[in-house]
Amino acid sequence: MTNEFEQELSRRLAAIREEGLYRELRRVDSAQSRQIRIGGREFLNFSSNDYLGLANEPVLKEAAKAAVEKYGAGAGASRLVCGSLAPYHELEETLAAFKGTEAALTFSTGYATAVGTITALLTQDDIIVLDKLVHACIVDAARLCGAKLRVFAHNDLRDLAEILQWADSRRGKAGEQGKRPQVLIVTESVFSMDGDFAPLRELVTLKEQYGAWLMLDEAHATGLYGANRRGLAEAEHVAGRIEIQMGTMGKALGASGGYICGSRALVELLVNRARSIIFSTAPVPAAAAAAKAGIEFVQSAEGPSRCAALWERVRQLKAGLSQHAAAKDQSPEFLSAIIPLILGSSEKALAMAGALRERGLFVPAIRYPTVARDQARLRITLSAKHTGEEVELLLRGLEECGKVEHP
Ligand SMILES: *Cc1c(COP(=O)(O)O)cnc(C)c1O
């Protein structure tokens, strides 16, 4: 029996390898920072979403240690079962104040946030409309909730409008029989693998025109955009018109956990209906304390200077890459710390990532199913902690691997 099981798994693994899609975990023997240690060797790290370098920041580590001392290592059970430790409440108050919403609710991860929230809000009578490039957690949630699923071409408002029109007529018909379906649009503010931006102002106008709800995933924008670094919705002055603001505290905020910000009723409903909170042990209190310290950091005077350092490095890299055909133009208005170099095949992306690793540069090859099959790429991410010389080393490495004309 076991033998047959093992044979079947070997067959599947061989098929994955054959397609150039095999993945493995690389053990890192250092903290996550701009330098990481793998297999006894130091690499410059251009792979992390720790955009502001907060994952290894002393104030976050101190906050986590203090929480361990006071509240222990583990949470004991679901927050609804054994009581909800103070650090989660402090974090949620801090989040709501940071985002300027009535209330906030935190989850153990961004993934659990999407799954818990979408399945709590929609049933099979409803309609969910996704941008083609939204994160896997949103796709999984959309499938799980059972609502009718429609996908619009990436950032294509005309396509979205057509779908909303269709949803409207469906709503009209269903409404005559009693139950009016809800329509929820879900998109990201900064797309995780392309680093481009949703047309938020137009999107908000459109959803209002059709009476749809909007859920915006700010995973790669929280901490980076807007006067108070709340995200792209703040930068575009539309935050108050978005029903559900989602994000993670595992990226620019340097810690871990997901959040929903919105009205008090939304949070109350999720506490009652979001299965990923109800049926899951609360995160370690240290995670909540570190996340709160991360939010306070980006709100402090150091927030803008960290962001400025990040954008300076991004400008430097983009200038060096400007002749690179694979480097996509992202937005005239905003900069993004996610810089993809589209190479096409998995093999090409893997070969290039391998060649860069030989030069001490850690840049991930991103392949199917994270991106479309013919869209394999290197995904470069920068941190405020990278120095100008380090970005220069990356550019030189890319040049030596034959990908960039460098002056
Ligand atoms: C990373 C990511 C998530 C998931 O957040 P985690 O906290 O890592 O689970 C959700 N949405 C987007 C767009 C992401 O990039």
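The values are calculated or read from the model by the stated rules, or taken from the named source; none is laboratory data. None of the values given here were measured: they were computed from a predicted structure. Don't worry about glycine lacking a Cβ; one is built from the backbone with ideal geometry, like all the others, and counts go over all protein chains shown. Just so you know, the surface numbers come from the protein's heavy atoms only, side chains and all, with ligands and any DNA or RNA stripped out. Shrake-Rupley method; radii C 1.70, N 1.55, O 1.52, S 1.80 Å.
Summary table
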read-out: Filter result for Ala252 (away from the ligand (no atom under 16 Å from the Cβ) and either polar (S, T, N, Q) or farther than 26 Å from Ala372 by Cβ (or both)); value: no
read-out: In the stretch 105-129, residue nearest to the ligand (Cβ to nearest atom) [restricted to those that are open to solvent by 10 Å² or more (accessible area, probe 1.4 Å) and part of a loop (DSSP other than H, G, I, E, B)]; value: Thr109
read-out: Condition broken by Ala291, with the remaining ones in (1) open to solvent by 40 Å² or more (accessible area, probe 1.4 Å); (2) under 22 Å from Ala96 (Cβ atoms); (3) of a type in the set (A, V, I, L, M) satisfied; value: (1)
read-out: Conditions (1) free of Cβ contacts under 8 Å to residues at least 12 places away in the same chain; (2) within 16 Å of the ligand (Cβ to nearest atom); (3) open to solvent by 50 Å² or more (accessible area, probe 1.4 Å): number failed by Ala97; value: (2)
read-out: Yes/no for Ser84 being at pLDDT below 95, more than 15 Å from the ligand (Cβ to nearest atom) and either open to solvent by 40 Å² or more (accessible area, probe 1.4 Å) or in a loop (DSSP other than H, G, I, E, B) (or both); value: no
read-out: Among (1) open to solvent by 10 Å² or more (accessible area, probe 1.4 Å); (2) of a type outside the set (Phe, Trp, Tyr); (3) under 23 Å from Thr119 (Cβ atoms), the one test that Glu208 misses; value: (3)
read-out: Count of the stretch 148-181 residues which are open to solvent by 10 Å² or more (accessible area, probe 1.4 Å) and hydrophobic (A, V, I, L, M, F, W, C); value: 8
read-out: Failed item in (1) more than 16 Å from the ligand (Cβ to nearest atom); (2) touching a residue at least 12 places away in the same chain (Cβ under 8 Å); (3) of a type in the set (Lys, Arg), with Lys132 passing the rest; value: (1)
read-out: Leading residue by the ranking (nearest to the ligand (Cβ to nearest atom)) among those in the stretch 255-266 that are among the aliphatic types (A, V, I, L, M) and buried (at least 21 other Cβ atoms within 10 Å of the Cβ); value: Ala255
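Conditions tested, residue by residue: (1) in contact with a Gly (Cβ under 8 Å, 6 or more places away or on another chain); (2) over 27 Å from Ser331 (Cα atoms); (3) open to solvent by less than 10 Å² (accessible area, probe 1.4 Å).
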position	(1), (2), (3)
Ala235	yes, no, no
Thr248	yes, no, no
Ser280	no, yes, no
Val284	yes, yes, no
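This table checks each residue for (1) among the small types (Gly, Ala, Ser); (2) under 27 Å from Leu341 (Cα atoms); (3) modelled with pLDDT under 95; (4) over 20 Å from the mean Cα position of the chain (by Cα).
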site: Glu188; (1), (2), (3), (4): no, yes, no, no
site: Met193; (1), (2), (3), (4): no, yes, no, no
site: Phe197; (1), (2), (3), (4): no, yes, no, no
site: Ala252; (1), (2), (3), (4): yes, yes, no, no
site: Cys261; (1), (2), (3), (4): no, no, no, no
site: Asn272; (1), (2), (3), (4): no, no, no, yes
site: Ala282; (1), (2), (3), (4): yes, no, no, yes
site: Ala287; (1), (2), (3), (4): yes, no, no, no
site: Ala291; (1), (2), (3), (4): yes, no, no, no
